[in-house]
Amino acid sequence: MFLSGQTPLDPSTGKLAGGGIGAQTAQCFANLFGVLADDALDEADVVKVNVFLTDMDDFAAMNEVYAQRFSEPFPARTTIGVAALPLAASVEIELIARRRG
């Protein structure tokens, strides 16, 4: 399953999650994992993650959330610095998952 990029929109408000890059990263993963759950998949099924950051100085804080959301062996990941993201988000995340078994 290929999931297109998710910005940190809170589905209950339709607005960007507040609280900095950690909160925005957590919201991106919550959105993505919600889509996975709709197809009976979870974080253990994720094989590749692409992260887009508007400020590479946010890498460590993003990586801390990433490490909390996955278990070893972690999925392959690419992190790319970009000039801008939709809605002035600081992070956008897309992923690829494959059903185990």
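What number of residues in the range 17-31 are of a type outside the set (A, V, I, L, M, F, W, C) and either out of contact with any strand residue (DSSP E or B) (no Cβ under 9 Å at 6 or more places or on another chain) or surrounded by fewer than 18 Cβ atoms within 10 Å (Cβ to Cβ) (or both)?
4
Can you tell me which of G14, G34 is over 22 Å from D57 (Cβ atoms) and surrounded by fewer than 11 Cβ atoms within 10 Å (Cβ to Cβ)?
Only one candidate qualifies: G14.
Criterion first (under 16 Å from A23 (Cα atoms) and either crowded, with 18+ Cβ neighbours inside 10 Å or modelled with pLDDT of 95 or more (or both)) does T54 satisfy it?
yes
Does I21 fit the bill of being in a helix (DSSP H, G or I), among the β-branched types (V, I, T) and within 12 Å of the chain's Cα centre (by Cα)?
The answer is yes for I21.
I want to confirm something. Restricting to the range 1-49 and keeping residues that are over 23 Å from S71 (Cβ atoms) and either β-branched (V, I, T) or touching a Ser or Thr at 6+ places or on another chain (Cβ under 6 Å) (or both), which single residue is modelled with the highest pLDDT?
So, considering only residues that are over 23 Å from S71 (Cβ atoms) and either β-branched (V, I, T) or touching a Ser or Thr at 6+ places or on another chain (Cβ under 6 Å) (or both), the one modelled with the highest pLDDT is T7.
Restricting to the range 61-92, name every residue that is surrounded by fewer than 16 Cβ atoms within 10 Å (Cβ to Cβ), part of a helix (DSSP H, G or I) and either over 14 Å from the mean Cα position of the chain (by Cα) or of a type in the set (K, R) (or both).
Of everything in the range 61-92, those that are surrounded by fewer than 16 Cβ atoms within 10 Å (Cβ to Cβ), part of a helix (DSSP H, G or I) and either over 14 Å from the mean Cα position of the chain (by Cα) or of a type in the set (K, R) (or both) turn out to be P86, L87, A88.
Got a sec? Which of V35, V47 is part of a strand (DSSP E or B) and under 14 Å from L3 (Cα atoms)?
None of the other options fit; the residue is V47.
The values are calculated or read from the model by the stated rules, or taken from the named source; none is laboratory data. In this text the structure is predicted, and so the values were computed from the model without any measurement. Cβ sites come from the backbone with ideal geometry, for glycine too, and all protein chains shown count toward neighbours.
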